[in-house]
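This report refers to the structure that appears directly beneath it.
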Amino acid sequence: MASGMANNGAALVLRFQKVKTQTMRELIATGVLNELEFGLLKGSRKEQSGGKTLGWGVEDKGVLLNMEVDNLTATQGNMKLEVTVRSLCYSRGVTADYLKSEERFNMKQCVLVLGDLGKGVAPWSELVQTAVYLHRKELNIIWIDVPSFASNPQMWLKFGAETIRGLLKFLCVKQVSVVSRGIGGAVFLEALAKAPELFARTHFVYNMDIPPGKGVHLPIFELEEVLRKREVQLWFAFKDDEVYDRFTDGTAQKAYDAVQKIQARLLGERQRSKRVLHYDEVLITENLNDNPANSHVQQLSLSIYTILVFSSALLDSVALFLEIAPGTHQEHMEGGLVGDFREAVHAEALQGGGGGEPLSLRRTRIGHLHGLADRREKARGNRRMLENVITATKGMTLMLPDVQNGNAAGFPDELAKRLEDQGTRTASGSRTGSRVGSRGGSRAGSGSGSRTGSRLSTKDNLQPALPALLRHSVSSPGGLQALANHAANPDSDDEEEDEGSLMDMLGPRTAGAQPWQNYRKIWSEMHGRDPTGYTHPMRAL
């Protein structure tokens, strides 16, 4: 597989080819095991290391035995490089019905481990304790080593970035987080500036260093552009010793000054432009062993090899930092370590001070554990509150007198009797008004007046009792049905008024004649002919 490579404006290509693959178990089976692997497996006990230990158990050593070692060749023109790739992968056993070989590194988050390249005897082993710990946290681990660059840090800085980029494309790795030390940190920053799309959002660098030489420098401008445009957070941790000293003139001091200036410039730009960012692009831990009673870094020597032993707190902090999205500020670091900022965000959300941030955005910003682990308990509390509201609502008593009296026995019968009495009085009053009006010669006026008065009075008299009537409509359907079929309904005031008005319109009655006969006589006189059919009595109409 080919990968693009640019150097001094010329388009170069690195082509990788796999030569050999074996695991450490297979290497032990051959009876050949070098001193480093033997020391890691057998020489890490306290009694054999002066009280310093990797803290490994049987499971950790089992992880190391599953490490796969691939020997590759990288060619470009007439140049050929031997590249050694070590890996701890959860999908290392590729079968036809499971995964393709190019998919296996993408099933879990990948971490690229870079030691002090070009200076250490076996750079891959310097951070092996951290790598095994991260693998047990379900992260895939990749080491890269070029034997021909073993003692040449300048070559690593010049060609290391392109080698890393080509190798990641050969392995079909989409993105990696980086854990590095010394020159490995400089090589990582060079690769980040050239191909930021291959790197994830969080990275850890311990004791950042650069190769010696006048023309050696970090790509400061390109790095700052990447940190401005992409969501990337870099954590630089330091601990001075007799070899690495930031306060004496040397490469360590130059690297530390460059990191500090990047942090200061980015922070100043945000403050001047009033740009709000929920994290700092660069985090710096000045001294991991600031507290002598709680040292976070120790060095373990196995023959000529140096192994860095991180404390449990530092390992937990690095694992958390790599797994979650950027979200830590420099002032929020706890003892120089990155804490779980999601706890503070969760507390703020419970207090209602989150500003109404949508849950989906908070999940993207914080990570898959977005502060809702105790949601079940909150749901139970909300359910209890709802039950209390329902109980209080059921216990409330309306203040209307008719509704309160409706709870007494016999209330529906009493209501029906009141409505009957009110309807009878209203009907009799309307009849009297209609008759008096017709005798005085104002039939139409008296009729409309009586109807209007009757309806208004009935409506006014029914209003106080209607709420109680509606309330008992479900519990007492029989009483309401009897009320609807009351005997006063057929003799309503409107029907009586309509009948009286029609009799007056037909004129004086003929002795012995029915009303319909008078109607037929009037119809003949109006139309000048006899009616064409039988006319039903008006009473029935």
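The values are calculated or read from the model by the stated rules, or taken from the named source; none is laboratory data. These figures come from a predicted structure and were not determined experimentally. When we count neighbours, we look across all protein chains shown, and the Cβ atoms used for this are built from the backbone with ideal geometry, even at glycine.
Would you check if there is a residue in the stretch 144-156 being free of Cβ contacts under 8 Å to residues at least 40 places away in the same chain, aromatic (Phe, Trp, Tyr) and in a helix (DSSP H, G or I)?
The answer is yes; a qualifying residue exists.
Can you name the number of the only condition in (1) under 20 Å from Asp70 (Cβ atoms); (2) touching a Gly at 6+ places or on another chain (Cβ under 8 Å); (3) not hydroxyl-bearing (Ser, Thr, Tyr) that Asn106 fails?
Evaluating Asn106 over (1) under 20 Å from Asp70 (Cβ atoms); (2) touching a Gly at 6+ places or on another chain (Cβ under 8 Å); (3) not hydroxyl-bearing (Ser, Thr, Tyr) leaves (2) as the failure.
Against the definition (outside any strand (DSSP E or B), out of contact with any His (no Cβ under 8 Å at 6 or more places or on another chain), assigned by TED's automatic domain parsing to the domain that holds Tyr279 and in contact (Cβ under 8 Å) with a residue 24 or more places away in the chain), how does Gly185 come out, yes or no?
It is true that Gly185 is outside any strand (DSSP E or B), out of contact with any His (no Cβ under 8 Å at 6 or more places or on another chain), assigned by TED's automatic domain parsing to the domain that holds Tyr279 and in contact (Cβ under 8 Å) with a residue 24 or more places away in the chain.
Condition test on Leu171, is it touching a residue at least 60 places away in the same chain (Cβ under 8 Å), in the same structural domain as Tyr279 (by TED's automatic domain parsing), over 30 Å from the mean Cα position of the chain (by Cα) and surrounded by 17 or more Cβ atoms within 10 Å (Cβ to Cβ)?
yes
Are there helices (runs of 4 or more DSSP H) fully within the stretch 233-350 with at least 1 residues that are closer than 30 Å to Glu377 by Cβ, modelled with pLDDT of 90 or more and in the same structural domain as Val121 (by TED's automatic domain parsing)? List them.
Correct list: 312-323.
Here are the criteria: (1) outside any loop (DSSP other than H, G, I, E, B); (2) modelled with pLDDT of 90 or more. Tell me which single one Asp116 does not satisfy.
(1)
For the stretch 67-74, does any single residue satisfy the condition of being modelled with pLDDT of 85 or more, within 27 Å of Leu139 (Cβ to Cβ) and in a loop (DSSP other than H, G, I, E, B)?
yes
For Lys137, are the conditions met, namely being closer than 18 Å to Pro211 by Cα and either over 42 Å from the mean Cα position of the chain (by Cα) or assigned by TED's automatic domain parsing to the domain that holds Arg104 (or both)?
Criteria not met by Lys137.
If I ask for residues that are modelled with pLDDT of 80 or more and within 44 Å of the chain's Cα centre (by Cα), which ones from the stretch 1-19 would you list?
Within the stretch 1-19, Leu14, Arg15, Phe16, Gln17, Lys18 meet the criteria.
Looking at (1) surrounded by 19 or more Cβ atoms within 10 Å (Cβ to Cβ); (2) touching a Leu at 6+ places or on another chain (Cβ under 7 Å), can you tell me which one Phe310 breaks?
The number of the failed condition is (2).
Go through (1) modelled with pLDDT of 90 or more; (2) crowded, with 16+ Cβ neighbours inside 10 Å; (3) in contact with a strand residue (DSSP E or B) (Cβ under 7 Å, 6 or more places away or on another chain) and name the single condition Phe105 misses.
(1)
Rundown of residues vs (1) more than 24 Å from Val178 (Cα to Cα); (2) at pLDDT 85 or above; (3) in contact with a strand residue (DSSP E or B) (Cβ under 9 Å, 6 or more places away or on another chain); (4) not in a loop (DSSP other than H, G, I, E, B), yes/no style:
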position	(1), (2), (3), (4)
Leu27	yes, no, yes, yes
Leu33	yes, no, no, no
Ser91	no, no, yes, no
Leu99	yes, no, no, no
